[in-house]
Amino acid sequence: MTTAADVAATQSNGGKPKVEKLMGLPIELRNLISGGLAGMVAKSIVAPIDRIKILYQITATPFHLRHVPNVAYSIAQTEGLSALWKGNFATMLRVFPYSGIQFMVFDRCKMYFLGQHELERLRRRNTRPPSTIKG
């Protein structure tokens, strides 16, 4: 069933749905974008913990795991909830290219080694002596 949003997306993209346009990109570029976005999501999820870690690093207060929720609550009360993500935009500027390149290289290496494994498997299969046919 086609929805109004599907029709609007198709019309605004020159007749091609967005997914088809993305699939038309080279695999390296898709991996770069996918890895970058995944890294941004992951880093944004752990940003509050990272912020608390940095606060402990720049103060003389000794770290105790049981105090972390209280520190997070204190930050949210005094500076607002969004303060737990303070500095996250700068981190995103660093994380997107790093994670994207890392995933792109990982996938390229994986394909190379899987290809090598497949070639080796084919070589082994072709070098076996032919089996004798028993009648």
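Looking only at helices (runs of 4 or more DSSP H) that fall completely inside segment 1-65, which ones have 2 or more residues that are at pLDDT below 85 and surrounded by 10 or more Cβ atoms within 10 Å (Cβ to Cβ)? Show your work before the answer.
Working: elements: 4-12, 18-23, 27-58.
In segment 1-65, 4-12, 18-23 are the helices (runs of 4 or more DSSP H) which contain 2 or more residues that are at pLDDT below 85 and surrounded by 10 or more Cβ atoms within 10 Å (Cβ to Cβ).
Among the residues of segment 75-95, which ones are surrounded by 13 or more Cβ atoms within 10 Å (Cβ to Cβ), free of Cβ contacts under 8 Å to residues at least 40 places away in the same chain and part of a helix (DSSP H, G or I)? Walk me through how you get there before you give the answer.
Taking segment 75-95 and keeping what is surrounded by 13 or more Cβ atoms within 10 Å (Cβ to Cβ), we get 75-76, 83-86, 88, 91-92, 95.
Those left that are additionally free of Cβ contacts under 8 Å to residues at least 40 places away in the same chain: 75-76, 83-84, 86.
The answer is 75, 76, 83, 84.
Looking at segment 98-122, I want the residues that are at negative phi and surrounded by 14 or more Cβ atoms within 10 Å (Cβ to Cβ) and have a partner that is in a helix (DSSP H, G or I) and polar (S, T, N, Q) with Cβ atoms under 8 Å, at least 6 apart or on another chain. Which pairs are those?
Going by the 8 Å Cβ cut-off, the qualifying pairs are 100/31; 100/34; 103/31; 103/34; 104/31; 107/31.
The values are calculated or read from the model by the stated rules, or taken from the named source; none is laboratory data. In this text, all values refer to a predicted model and were calculated from it rather than measured experimentally. Heads up, the Cβs are rebuilt from the backbone with ideal geometry, glycines too, and the neighbour counts pull from every protein chain shown.
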